[in-house]
């Protein structure tokens, strides 16, 4: 956790929220079968839950990856993020069929982990890239000219 907290810093709120949403999505997908068995009423809202998670994750990804890419120009980060979002959206719209539950769980888990990795990489490069670190310190304060005084 220390590495994650150092990487995320104080300024990457969208990456933090994206990591949290991805973690919740993966946790929900892994725990939902147990919850549905224990509380069958939850089964009625499962379809809507996946759609809501997919939309939230897509929006948080866009809010984090677009400005991040504009700063550090690492094409692999939004590409990995898009792949993760695509897996989660695919899981949400997967038609009901014989092995859909296992496929859906696999897609959400792999997609969620992919998104977490992409958000961590985005936060790392936003915090430690040369372009960003040359003009801002860890507190987001502008350092240009501060060495002269």
Ordering of 102-111, 27-36 by burial proxy (mean other Cβ atoms within 10 Å per residue, highest first): 102-111, 27-36
Relative contact order, percent, the stretch 26-131 [alpha-carbon distance under 8 Å, six or more residues apart]: 35 percent
Give me P(r) over the stretch 49-101, computed from all C-alpha to C-alpha distances, binned every 5 Å, as integer percentages. 4, 20, 24, 19, 14, 10, 6, 3, 1
Take the Cβ-Cβ distance between residue 90 and residue 48 as r, set R0 to 22 Å, and report the resulting FRET efficiency rounded to the nearest 0.05. 0.80
Inter-label distance, nm, simple model (7 Å from Cα along the C-beta direction), residue 24/residue 113: 2.2 nm
With 0.36 nm assigned to each residue of separation and the Cα-Cα distance removed, residue 83 to residue 98 gains 2.9 nm
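Laboratory data are not the source of any read-out in this text; all were calculated from the coordinates shown. Quick caveat: nothing in here was measured; it's all calculated off a predicted structure. Positions of Cβ are generated from backbone atoms using ideal geometry, with glycine treated the same way; all protein chains shown enter the neighbour counts.
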